[in-house]
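> The structure under discussion is supplied below as structure tokens; questions concerning it will follow.
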Amino acid sequence: MAQNRVNVAGVDVSTDHYIAGQRIASKKHFLDRSPIDGAALADVSAGGAAEADMAVTAARRAFPAWAALGPEGRAPILRRFAEGILARSADLSAVETVDNGSLLSGNQHRVVPRAALNISYFAEHALTLRGHTIDSPEVVNHIHYDPAGVAVLITPWNGPMMLTTWKIGPALAAGNTIVVKPPEWAPLTCSLLADIAHEAGVPAGVLNVVQGIGEEAGAALVQHSDVDRISFTGSTDTAQIIGAAAAHSITPVSMELGGKSPFIVCADADLKAAAQTVAGQYINAGQVCLAGTRILVEEPVAEKFLGMIRDAVSHMTVGDPRDANTRVGPLIHPDHFARVEGFVERARSEGVEFLWGGARHNQGELYFQPTLIAGARRDQEIFQSEVFGPVLTWNTFRNDHEAIEVANATKYGLAATLFCGNEERAMRIASGVVAGTAWVNCFFVRELAAPFGGARRSGIGREGSKYGIEEYLEIKAVTLAGL
């Protein structure tokens, strides 16, 4: 299939686009480096308007036949795709780790199995989309679920494999054809997914991959007049640009965006479990949109709980993500490191207290110390803005009303985590917090049968289950009279 391939972590990876079942090279390239040690991984083809148009055209041509297969015809192909992901688990895990710095153990044991499930689950779920009828005295309404057409899927660098399949699964199962724009800071596992889809028999043009810089390849795709759906996961700032571009063609957009989620700990909670879970907010170097980065603790247990977190964090190794003992790896890119460091230094200049961390870690250039900041006011940047690094803030509350008020004191509403020993109280607080997902006595449970998405500036629409697949469907009413 491809001529331009490189060896990455012992795995053969194409550096070209995947369009209409073929590998397509570009004259322009961008350099992809590993955040682990800065090593050059690949010169990757950088697409623009020409490649975007080629991919959308290929997807449009492939759409009628793919849609006509119906859920029953698509399901066997998608099952093979999922099986292929599992069969390439070692390769996908190794490439993802060196490409974006995520933990190898997490990729092997959690991410790859979930990536496969993202495909197979929706293949089966689509079989249930039979439509239904609504009878009335004069007419019969037949409700149909039709594929929307060509979908552009734009995925982020912090979880490219999982979040790409999280979109591919429902889009393809619903009968759409797709163009994926992978993140330029971590594009390589998406290239492998294209190979796996090809080998599974996904027809040419049904799944296309256009690599490149967001301002070039991404912009060309979201501005394309022949796109029927756009799905984006990433920053709120980028979402505003995409939304404005999509508005010209009235293209429906779903977005899962940033967060500044509260982590609320009540005095009657299982404090040991809560402390371990707070420490877990540093995993992936804090580059997790749904992480509970604002720690809010009920005053009577605050001092005790702080000591428990300190102990839990002290046992977290910062280091090479390929090492099984590592719990915190590097930040993705020098530009992002500078961004995180900027947040910390501005907070320092405003007089906050650093309970621990606050500087570069001696592990390497892109490694930042797990950090906890106390004394931030609600109107300060460090309290309000998404840092997307291993930086948490610490505040206390006196009662449920105050906990909810402080939790809701940002522009975001992606997720909330709550540890509480009383179900009635937990439900009262969880119901009062503005969030698309509220976890009680757990964290990061993303059931495919449940909706996931954000409120406020954290997103539009939902992913998962019927809510996710409906983003890629046109729901049609056929009303019959006199027949």
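The values are calculated or read from the model by the stated rules, or taken from the named source; none is laboratory data. As the structure is a prediction and not an experimental result, all values here were calculated from the model. Here the Cβ positions follow ideal geometry from the backbone for every residue, glycine too, while neighbour counts run over all protein chains shown. Heads up: the accessible areas ignore ligands, DNA and RNA and are worked out on the full protein's heavy atoms, side chains in. Shrake-Rupley method; radii C 1.70, N 1.55, O 1.52, S 1.80 Å.
> Could you calculate the contour length gain from residue 359 to residue 244, that is, 0.36 nm times the residue separation minus the distance between their Cα atoms, to one decimal place in nm?
Answer, rounded to one decimal: 37.7 nm.
> Which is the longest run of the chain containing none of the GluC sites (Glu not before Pro) found in DSSP loop states (not H, G, I, E, B) with at most 13 other C-beta atoms within 10 Å?
Between exposed loop sites, the widest span is 139-349.
> Report, please, the projected area of the chain averaged over directions, based on the convex hull of its C-alpha atoms, in nm².
The orientation-averaged projected area of the Cα hull of the chain comes to 23.8 nm².
> How large is the charge dipole for segment 47-118, taken about the Cα centre, if only the Cβ atoms of Lys, Arg (+1) and Asp, Glu (-1) carry charge, to the nearest 20 debye?
280 debye
> Please give me the summed charge of the neighbours of residue 321: other residues whose Cβ is under 14 Å from its Cβ, Lys and Arg +1, Asp and Glu -1.
-2
> To the nearest Å, what is the center-to-center distance of segment 341-366 and segment 307-329, using C-alpha atoms only?
Each part reduced to its Cα centre gives a spacing of 18 Å.
> Given H placed on each backbone N at 1.01 Å, which residues far from residue 24 in sequence or on other chains put an amide H within less than 5 Å of it?
Close amide H contacts, sequence-distant or interchain: 17, 18, 19.
> Rounded to the nearest 500, what is the chain's calculated 222 nm mean residue ellipticity when only DSSP H runs of at least 4 contribute -39500 (n - 2.57) each, over all residues?
-11000 deg cm²/dmol
> With a 1.4 Å probe and every protein chain left in place, work out the accessible area per residue of the chain in Å², rounded to a whole number.
Value returned for the chain: 39 Å² of accessible area per residue.
> Then there is this: Applying 1/(1 + (r/R0)^6) with R0 = 56 Å to the Cβ-Cβ distance of residue 79 and residue 349, what FRET efficiency is obtained, to the nearest 0.05?
0.50
> I'd like the distance between the alpha-carbon centres of segment 438-483 and segment 154-169, rounded to an integer number of Å.
After rounding, the separation between the Cα centres reads 17 Å.
> If you roll a 1.4 angstrom probe over the protein chains with everything in place, what fraction of the accessible area of the chain belongs to carbon and sulfur, to the nearest %?
Within the chain, the accessible surface is 52 percent carbon and sulfur.
> Would you please give the FRET efficiency between residue 124 and residue 476, computed as 1/(1 + (r/R0)^6) with r the Cβ-Cβ distance and R0 = 22 Å, to the nearest 0.05?
E(calc), rounded to 0.05, equals 0.45.
> Could you work out the local net charge near residue 31, counting Lys and Arg as +1, Asp and Glu as -1, over the other residues with Cβ closer than 14 Å to its Cβ?
Net charge around residue 31: -3.
> How high is the FRET efficiency from residue 3 to residue 40, r the C-beta distance, R0 22 Å, rounded to 0.05?
Computed FRET efficiency for residue 3 and residue 40: 0.65.
> While we're looking at this one, here's another question. Measure nothing but the geometry: give the 0 to 90° angle between the long axis through the Cα atoms of 334-349 and the longest principal axis through the Cα atoms of the chain, rounded to 10°.
The angle comes out at about 30 degrees.
> Over segment 374-416, calculate the relative contact order: mean separation of alpha carbon pairs under 8 Å at least 6 apart, over the residue count, as a percent.
Averaging sequence separation for qualifying contacts and normalising by length gives 41 percent for segment 374-416.
> Further, regarding this structure: Which Cys residues of the chain have no other Cys Cβ less than 4.7 Å away and so no disulfide-compatible partner by this rule?
Here 190, 289, 442 come out as lacking a disulfide-compatible partner, given the Cβ-Cβ threshold of under 4.7 Å.
> A further question follows. Taking residue 466 as the anchor, which lysines have their alpha carbon closer than 27 Å to its alpha carbon, excluding any fewer than eight residues away along the same chain?
Within reach: 167, 181, 260, 476.
> Compute the distance in nm between two label points, each set 7 Å from the Cα along the Cα-to-Cβ direction, one at residue 199 and one at residue 411.
Output for this residue pair reads 4.5 nm.
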